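Asker: Quick one: this structure, given as structure tokens, is what I'll be asking you about.
The values are calculated or read from the model by the stated rules, or taken from the named source; none is laboratory data. Since the model is a prediction, treat every value here as computed from it, not as a measurement. For neighbour counting, all protein chains shown are included, and Cβ atoms are generated from backbone atoms with ideal geometry for every residue, glycine included. Side chains are part of the model used for accessible areas, which takes the heavy atoms of the whole protein and leaves out ligands, DNA and RNA. Shrake-Rupley method; radii C 1.70, N 1.55, O 1.52, S 1.80 Å.
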Amino acid sequence: MHSDTTMALINRAGSILRQTVSKHINNEISMASPYICQMTRCMSWKVFVGGLARATNDTSLREAFSPYGEVSEARVITDRKTGRSRGFGFVTFTDYDAGNDAIDDMDQWELHGRTISVCWANKRP
């Protein structure tokens, strides 16, 4: 009987230790630099593009960013009611360096007569 109590106590202590370590690791990851957090996003790198002209569409957005690397998605966000551009969009690269180069080169660049802002997209809550 004494060994059953000891075993139960050891199992309980192990469970508490695992929970504590898991909480600590999750807390450390959430406080990590944006670079590390972005690396965990299914290995795709999403860039926010603001200040788009109404004439900019998904195709022209893709064409503007494709010289920097493989673009897996380029999307101009539109108003649900009117279907018109809301003036911003997202470009998703398959490679971190491509996204980083695009941000460095294209931020404050002119596209279709408008100066655009380009930065890493924030993950939606």
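Asker: Out of the residues in the range 61-95 meeting the condition of being touching a residue at least 24 places away in the same chain (Cβ under 8 Å) and touching a Leu at 6+ places or on another chain (Cβ under 8 Å), tell me which one is farthest from residue 106 (Cα to Cα).
Answerer: 85
Asker: Let me ask another. Show the residue pairs meeting these rules: Cβ distance below 7 Å; 6+ apart or different chains; first residue within the range 44-56 and basic (Lys, Arg); second residue assigned to a loop (DSSP other than H, G, I, E, B) and surrounded by fewer than 15 Cβ atoms within 10 Å (Cβ to Cβ).
Answerer: 54/84
Asker: While we're looking at this one, here's another question. Test of understanding: among 82, 56, which residue is exposed (fewer than 15 other Cβ atoms within 10 Å of the Cβ), in a loop (DSSP other than H, G, I, E, B) and of a type in the set (Ser, Thr, Tyr)?
Answerer: Criteria check complete, one pass: 82.
So that you can scan it fast, the table gives a plain yes or no per residue for (1) of a type in the set (Gly, Ala, Ser); (2) within 14 Å of residue 44 (Cα to Cα):
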{"position": "81", "(1), (2)": "no, no"}
{"position": "86", "(1), (2)": "no, no"}
{"position": "95", "(1), (2)": "no, yes"}
{"position": "99", "(1), (2)": "yes, yes"}
{"position": "103", "(1), (2)": "no, no"}
{"position": "110", "(1), (2)": "no, no"}
{"position": "114", "(1), (2)": "no, no"}
{"position": "117", "(1), (2)": "yes, no"}
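Asker: Specify which of the listed residues (65, 88) is under 15 Å from residue 52 (Cβ atoms), open to solvent by less than 30 Å² (accessible area, probe 1.4 Å) and within 20 Å of the chain's Cα centre (by Cα).
Answerer: It is 65.
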